[in-house]
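The values are calculated or read from the model by the stated rules, or taken from the named source; none is laboratory data. Everything numeric here is computed off the predicted structure, so don't read it as measured data. With ideal geometry, Cβ positions are generated from the backbone for all residues, glycine too; neighbour counts draw on all protein chains shown. The area values use the complete protein model at the heavy-atom level, side chains included, leaving out ligands, DNA and RNA. Shrake-Rupley method; radii C 1.70, N 1.55, O 1.52, S 1.80 Å.
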Amino acid sequence: MNTRDWPIRAKLTALVVGPVTGLLALWIFATTLTFGPALDLLAARTLLYDLGRPGESVVAELQRERRLSVVQLAGDTALPALAEQRTRTDQAVAELRRRVDGEKLRDAADDLLDTRLDQLVSALDALPAGRGFIDSRKVDRAGAVGLYSGMIGSAFQAFSGMATLPDAELNREALALTGLGRSRELLGQADALLAGAVTAGRYAEGEQEQLVRTIENQRFLAENAVADLPPAERAGYQRLTEGEAFVRLRALQDTLVRARDLPAGLDVRAWETSYASVSQGLRDFELRGADTLAERSVPMAVRILVRLAAAGVLGLLAIVVCVLVALRVGRSLDRRLTGVRTAALEMAEHRLPDVVARLRRGEEVDVAREAPELDHGGDEIGQVGRAFNEVRRTAVQAAVDEVTLRRGLNEVFLNIARRSQGLVHRQLALLDRLERRTEDPDELAGLFQVDHLATRLRRHAEDLVILAGAAPGRGWRNPVAAVDVVRGAISEVESYDRVDVGEVQPAGVLGRAVGDVIHLLAELIENATVFSPPGTRVDVTGRSVPGGYTIEITDRGLGMSPTALAEANRKLSRAPEFDPADSARLGHFVVARLAARHGVRVELRPAVPGGTTAVVLVPSDLITDEPALGPAADGATGPDDRRMAKVTRLTTVPRTRPARPGRDRPESAVLPLPAGRASSVETPADGDGLPRRVRRRGPVARPRPVAVDNPAYRTPEEARRAMSALQAGTARGRRDGARRAAEPSPPEPPAAPDHPTATERDA
């Protein structure tokens, strides 16, 4: 049995229960040993009056009936006195049966006496059959004597079962009285044998030897029984034997023993008189002795019970004292140990996390107040308590130092991020000016690539701001179309050319969340491109759902194991504290922070047939109707529109716009700028309110490099991009032409500048 993990209370209880249980068992055992004999002494009176007296009456009546039965068998006629005697015998037997069947006698009797009582009842059941044999003379005189003697012997065996008193002296006296009763029974057998012989005029075969043995056994039993009597009882028996009837009966017995045949001059009258007197005297002596024995057993039982009560009370008092002491000590130990445990758990589960949370919120924490001294005494438990006080103080101080260090680390992150953001903003402003001044298509394409790298660098700088716990500075005042938000996110990804924008249902995102949603989607799209093979595509779709707007990003990579997927979703479902040790999934941390800021739900799911799908649910309180296409109502393009045009220019698919007479351009005019090599000029704003560049040759005065016959070498990636741009531009031109043919042409808006300023772009 492993008790190592038992609670302290259970262990203390086990320590207490063991000794107390042993002491209680010992007390019960001693009490039972003493209480049993006391009950036996009290039961002796019950046995005497419910078995001794009725049994002795049955024995006396059976002895008389036996003598009359032998006399009737010795003569030729039935004796009327025998019928009367049988009636008296039946009455005595009925009374004995009533007492034996009673609960009082059975409760006082032990197992041995119960068995002998059952044997006595069975022997008495044979009495009617024996009488029938006697009346039909199917038995002789010896058989009749044996029949009645067996019943009387069963009665004396029951009397012997009563002599089981706990006191040795009382038990010896009871056995002596039983022995005297047996000797009197043998005297009755001798009287029955002699009465039959006198009536028949002679001994039957073997009767003389049986008579002699009976007389000798009677004298032997009497001598042994008297030797065990107390002195007073022995003196009383001695006086009884010195009486005239007893002396005359002994003399007649001696005559019968010496004679071979029935003496001719035997005084039968003297025998009968002496026998009746001696038998009655012995019976009275036995009854007086039994009464005296019962009376002596009661005070003795009372004394035993008194001693038992005193010992029991003292033992019970000792047990109670032991239990109270054990409970008091155990409760004290349990309370003190529980106090130490409670203090430890409170510090580990409540106080220390609360201190850390308050420190992270910037609150001041008093170490002495948060880790007060606890007094647990001066013993070993107190020493453990003092050691725990030091541990608590050290833990709180370590938490203060750790949060201070983390706060300083966040400040470092934020400082570096702010500096990087300032440099990136200046770089983007410089690139913007260079792009406006540059007419060479090759140089312009290179500047666009540098602009794209700077945009990605700005996103990484914003990651540092998010790691530091601050909010990025980008934001929009007006709602932005969901498709533009998706395009803006794609433009911040290195492998943007691998991203396919599928069906994006019309919707708008509130301006206050546009920057964070773009950043969130960019992190997920970049993960999709990084963790999928280079030759695969990444699909982005969007649709309205109950409760918000869902954007799904699906890659065709190897996917994630169920365990890794569950762990990633667990991190994305809440905004965890930044752990520098877990830098392998830094994008998940950034996504979780951005999602928690606006209540956006992000979940990763296995894609079919392979890969991973990132599901982004933008809540309905951030979703509005898609903003109207084209310029504002006052004819001017707002800063948000110009900034979104700058953000999405790498992957912008031109919006549908109505046909304008005399203003239609060829399909090549709507191709993305990196796909062409011609110079560009500004054209009036199209349907989305943004200016477009039209590729054409630059001014004649500008020197151009001399063309060579050999075509310029292009890498496979550049060729693929050019072909992809050409194909996409062609498709968009056809689609826009069909839609312009079906829609009326709105009034032409005034021209707008080609590029927003750096302040408008990055506000």
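Quick notes
- Region 97-166 and region 491-566: distance between their alpha carbon centers, rounded to Å: 108
- Accessible area (Å², per residue) of region 64-127, counting only protein heavy atoms and a probe of 1.4 Å: 53
- Whole-number D in µm² s⁻¹ for region 206-338, Kirkwood Cα-pair radius fed into Stokes-Einstein, 25 °C, 0.890 mPa s: 120
- Under a model in which nothing but the beta-carbon of Lys, Arg (+1) and Asp, Glu (-1) is charged, region 447-568 shows a dipole of about 280 debye around its Cα centre.
- Percent RCO, i.e. relative contact order, over region 268-393, from Cα pairs under 8 Å lying at least 6 residues apart: 15
- Here HIS350 sits with roughly 120 square angstrom of accessible surface, probe radius 1.4 Å.
- Cα extents of region 265-389 along the three principal axes, largest first (Å): 138, 25, 17
- Ranked by the mean number of other Cβ atoms within 10 Å of their residues, highest first, the peptides 285-292, 553-560, 401-408 fall in the order 553-560, 285-292, 401-408.
- Note on exposure: PHE220, PHE156 ranked by accessible area (1.4 Å probe, complete protein assembly) read PHE220, PHE156, with the most exposed listed first.
- Whether region 210-273 is rounded, prolate or oblate, judged on the alpha carbon gyration tensor where a/c under 1.5 counts as rounded: oblate
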